[in-house]
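One structure is given here, and the rest of the page talks about it.
The values are calculated or read from the model by the stated rules, or taken from the named source; none is laboratory data. All of these numbers come straight from a predicted model, not from anything done at the bench. Cβ: placed from backbone, ideal geometry, glycine included. Neighbour counts: every protein chain shown.
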């Protein structure tokens with residue numbers, strides 16, 4: 001196997017860093033998009049309450065679409081979370097290969113020793129991070145469904 005030189009490590013480190021940042025952005029983008037969609041639906045419901053109201057068929061269609069949208073957004077959030085953990089673990093391996101954990105300033109380590117621990121790639125690693133987004137979207141979906149069904 002070919003030995004990896006420092007230039008290749010730096011290039012891969014930069015690419016992994018870019019992917020990590022992209023992974024961090026996904027939940028916020030999804031929440032912003034979903035919030036905008038729900039606010040548009042709130043406006044439609046409020047506008048419609050002044051008119052005739054939705055038929056039962058339209059309410060059922062909205063309900064199915066909203067639950068499907070919620071499921072899809074939670075799936076995307078979890079998938080992005082797992083991708084983030086995978087990229088973070090790769091970053092740690094590259095940092096070990098670059099030996100950055102041996103760097104010292106004034107005789108002291110720069111980085112905490114816990115930073116070089118491998119990451120367990122699981123839905124439960126960092127659970128409260130992605131769970132917050134999923135809970136927010138679930139709550140907004142429930143509020144929207146209550147407005148649709150006039151609860």
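For segment 46-65, filtered to residues that are exposed (fewer than 10 other Cβ atoms within 10 Å of the Cβ) and assigned to a helix (DSSP H, G or I), the residue that is modelled with the highest pLDDT is 57. Going residue by residue through segment 120-132, is there one that turns out to be over 23 Å from residue 71 (Cα atoms) and surrounded by fewer than 13 Cβ atoms within 10 Å (Cβ to Cβ)? Yes: segment 120-132 contains one or more residues that are over 23 Å from residue 71 (Cα atoms) and surrounded by fewer than 13 Cβ atoms within 10 Å (Cβ to Cβ). Listed by first and then second residue, the pairs with beta-carbon distance under 8 Å, at least 6 apart or on different chains, first residue in segment 46-63 and under 17 Å from residue 143 (Cα atoms), second at pLDDT below 65 and assigned to a helix (DSSP H, G or I), are 54/48.
Number of residues in segment 84-121 that are under 28 Å from the mean Cα position of the chain (by Cα) and part of a loop (DSSP other than H, G, I, E, B) equals 7. Just one of the listed residues (43, 68) is part of a helix (DSSP H, G or I), exposed (fewer than 12 other Cβ atoms within 10 Å of the Cβ) and at pLDDT 85 or above, namely 68.
Of the residues making up segment 8-19, not a single one is modelled with pLDDT of 85 or more, assigned to a helix (DSSP H, G or I) and surrounded by 14 or more Cβ atoms within 10 Å (Cβ to Cβ).
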